[in-house]
């Protein structure tokens, strides 16, 4: 199985992405959580950003994180622990999941990182394509976070392959405009769900600093950043960042430069809620 995953990595990635995207797109049509407007312009921007980020990251780190793992396997924490391979995989997945949580918190709370992440939060609607909408500079910072974690762990390359497949699939899933009914609240006991993550995209400052998790909801609960429901119903929850033009690809790339500098100093990134918003 390990050899199979390593040998057919590109095919497995493509199949997982296509299958996840197709299933979620169909679910958004038949089981929508919110009414959405026209999609074509937004989808074009978001998919171009997603494809461009893959190109940029492969240019900066040829072979990607998997190549880094191949050269470093056993050179970190894993090399000092004699554990069954399945336990090694599980442990590394849990640690990497926490790294993504911590990285996400940093993007919101570090004033110099938030303008990059604001491109992702600028949209006033949310669907599966939003899981691809990240500024290239944010993608590079995220790459550095993950590379540092992989070097410290000395994780097996197959673990990195599986984790990256789960990372991209979870990003699509948590941003999807789908109504899971009662299952959404039940799944939040363990996993990050669309409702849980939609609250994180709220226009309210307090709510947008909640629910940072990527896959497991446990980190938000441990560190006190979990919130189970927004201040209004999900169907009418205002999303996005006030003052950002929606625009297209060029506008998305310009978002970091447009962010008001006064917010970076006074509020550590995001603006505060207006007095009448709570």
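Laboratory data are not the source of any read-out in this text; all were calculated from the coordinates shown. Nothing here was measured: the structure is a model prediction, and the numbers come from that model. Backbone-built Cβ (ideal geometry, glycine too); neighbour counts: all protein chains shown.
What to note about this one:
- Anisotropy class of the range 142-259 from Cα gyration tensor, a/c 1.5 cut: oblate
- Label point distance in nm, residue 257-residue 90, each placed 7 Å from Cα along Cα→Cβ: 5.0
- The range 38-266, relative contact order in percent, only Cα pairs under 8 angstrom and at least six apart counted: 27
- Solvent-free Debye scattering, log10 I(q)/I(0), computed from the Cα coordinates of the range 73-164 at q = 0.14, 0.20, 0.21 Å⁻¹: -0.59, -0.96, -1.01
- On Cα atoms only, tilt of 40-60 relative to the major axis of the chain in degrees: 40
- Stretched out straight at 0.36 nm per residue, the stretch from residue 242 to residue 2 would grow longer than its current Cα-Cα span by 81.7 nm.
- Were the residues from residue 30 through residue 151 laid out at 0.36 nm apart, the gain over their Cα-Cα distance would be 39.3 nm.
- Principal-axis tilt of helix 157-175 within the chain, Cα atoms, nearest 10 degrees: 20
- For residue 250 and residue 77, the FRET efficiency from 1/(1 + (r/R0)^6), where r spans their Cβ atoms and R0 equals 51 Å, is about 0.75.
- Its DSSP H runs of at least 4 residues, each contributing -39,500 (n - 2.57), put the calculated 222 nm mean residue ellipticity of the chain at -18500 deg cm²/dmol, to the nearest 500.
- Prolate/oblate/rounded label for the range 180-249 (Cα gyration tensor, a/c 1.5): prolate
- Shape analysis of the range 109-211 yields a ratio of the Cα radius of gyration to the Kirkwood radius, Rg/Rh, of 0.99.
- All-pairs alpha carbon distance profile, the chain, 5 Å steps from 0, percent: 1, 5, 12, 16, 19, 18, 14, 8, 4, 2, 0, 0
- In the distance distribution for the range 1-84, Cα-Cα pairs more than 17 Å apart total 69 percent.
- Inter-centroid distance (Cα atoms) of the range 14-51 relative to the range 148-195, Å: 17
- Burial ranking of peptide ranges 46-59, 147-160 (average Cβ count within 10 Å, highest at the top): 147-160, 46-59
- The range 14-143: radius of gyration over Cα atoms, expressed as a fraction of 2.2 N^0.38 Å: 1.27
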